[in-house]
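Worksheet: the structure to be examined is printed underneath.
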Amino acid sequence: MNSPIIESLIESFESLPGIGRKSAERISFHILEKMSDDDVNRMVSGIVSAKQKIHFCSVCQNLTDADPCKICASQKRDKSVICVVENPEDVAAIENTNEFNGVYHVLHGALSPMDGISPDDLKISELLNRLSDDTVKEVIMATNPTVNGTATAVYISKLLAPFDVTVTRIAHGIPIGSDIEYADKMTIIKALEGRQKM
C-alpha cells in the first residue's frame, strides 16, 4: 500500500543488521513525519562523511579517521598485548570496561566455510605481520564463543605457534548476576573448565 518511494526507504533500512520490517517502517515513517529537513540533511551528511572519511587503521584494522588510530598511536597503551576481536563493535565493548590497556586487532569476521568466509577473507595476515619483531608477548583471542568464533581462535592459535608469544582465550561461563540453574549445558561446562583459584 506504500508508495514505491516509501517502500524503497523501508527496504533500505530493512537491509541493515538487526532491523526487521516493523522497525524499518517505524524508522522510515519517523523520518518522513517527525524529522525536519535540516535534521534529515544532517543525518545524510553524517552518513556520507563517515563513509568517505572512515577507513581501516593500517596497524590494527579497526575503523578510524586517522592512521594509525588513537589506540595504536597512544603511548599509554601496552603494545606487548594484542586482543584479537571479530568486529569493531567488539573493540568498543571492551573499551567500555576501562579494564584493558593493550592494543587490538580486528579480523572483520570469523571463519565460516558455510558462508564462504575463508582465512583470506579475514585480516589474519595483517596480525601475523605485527609479530615480526619481539614487541608482542601475548595475543588474547577474544573472538565470540560461537562455533565460528572458536574455530577462528583455534586456527589463529595454530598459526601463532611458531612465534614467541603466549596465546590466551577469553574466559566463558556463567554471566554475573544469573542463576546456574538457568544456564545451558555448554555454558556450565565452560565455566567449570575456566575455574580459577580464589
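Name the residue, out of ASN98, ASN148, ASN129, whose mean-square fluctuation peaks in a Gaussian network model built on the chain with Cα pairs under 10 Å. Among ASN98, ASN148, ASN129, the largest GNM mean-square fluctuation belongs to ASN98. Full extension of the chain segment joining GLU11 with LYS158 gains 48.7 nm, where the gain is 0.36 nm per residue of separation less the Cα-Cα distance. When the dipole is taken about the Cα centre of the chain, and only Lys, Arg (+1) and Asp, Glu (-1) are charged at their Cβ, what size is it in debye, to the nearest 20? It works out to roughly 500 debye. Rounded to the nearest 10 degrees, the angle from helix 37-53 to the longest Cα principal axis of the chain is 40 degrees.
Of all lysines in the structure, those lying under 17 Å Cα to Cα from LYS53, and not within fewer than 8 positions of it along the same chain, are LYS70.
Here LYS22 sits with roughly 140 square angstrom of accessible surface, probe radius 1.4 Å.
For the chain, the longest principal axis of the C-alpha atoms and the axis of helix 4-14 are separated by about 20°.
For the stretch 59-108, a/c is less than 1.5, where a ≥ b ≥ c are the root eigenvalues of the C-alpha gyration tensor. That puts it in the rounded class.
Kirkwood-type hydrodynamic radius, the stretch 3-77: 14.9 Å, calculated from all non-identical alpha-carbon pairs.
A DSSP coil position with no more than 16 other Cβ atoms inside 10 Å describes the following GluC sites (Glu not before Pro) in the stretch 75-162: GLU99. Reducing the stretch 162-198 and the stretch 10-85 to their Cα centroids gives an inter-centroid distance of 32 Å.
DSSP assigns beta bridges within the stretch 69-184; of those with both partners inside it, close to 10 percent run antiparallel.
The chain: percent of C-alpha pairs farther apart than 21 Å? Summing the P(r) tail past 21 Å for the chain gives 65 percent.
Placing ILE156, ILE31 in order of accessible area, with the largest value first and a 1.4 Å probe, yields ILE31, ILE156. The residues of the chain present an accessible area of 67 Å² per residue when probed at 1.4 Å with all protein chains retained.
Quick check: at a probe of 1.4 Å, how many percent of the accessible area of the chain sits on carbon and sulfur atoms? On the chain, the fraction of accessible area on carbon and sulfur atoms equals 56 percent.
By DSSP, the beta bridges lying fully in the chain are antiparallel in about 20 percent of cases.
Only lysine pairs 8 or more places apart or on separate chains count here, and in the stretch 74-198 those with Cα atoms under 25 Å apart total 11. In a GNM of the chain with a 10 Å cut-off on Cα contacts, which of ASP37, ASP120, ASP90 has the highest mean-square fluctuation? Greatest mean-square fluctuation among the candidates belongs to ASP37. If you take the alpha carbon atoms of the stretch 118-198 and fit the smallest convex hull around them, that volume is 130 Å³ per residue. Under a GNM of the chain (C-alpha, springs under 10 Å), which listed residue has the highest mean-square fluctuation: TYR104, TYR155, TYR182? Top of the fluctuation ranking is TYR182.
Taking label points 7 Å from Cα along the Cα-to-Cβ direction, LEU32 and ALA93 give a separation of 3.5 nm. Taking the longest Cα principal axis of the chain as reference, the axis of helix 21-33 is set at about 50 degrees. Local charge for ALA171 was computed over the other residues whose Cβ lies under 10 Å away, with Lys and Arg +1 and Asp and Glu -1, and equals +2. Listed values for the stretch 152-164 are Karplus-derived 3J(HN,Hα) couplings in whole Hz (6.51 cos²θ - 1.76 cosθ + 1.60, θ = phi - 60°), namely 5, 4, 5, 4, 5, 4, 5, 5, 7, 3, x, 8, 8, and x replaces Gly and Pro.
The values are calculated or read from the model by the stated rules, or taken from the named source; none is laboratory data. Since the structure is predicted, the reported quantities are computational estimates derived from the model, not experimental observations. A quick note on method: Cβ atoms are made from the backbone with ideal geometry, for glycine too, and the neighbour counts reach across all protein chains shown. Protein only, heavy atoms only, side chains kept; ligands, DNA and RNA dropped before computing areas. Shrake-Rupley method; radii C 1.70, N 1.55, O 1.52, S 1.80 Å.
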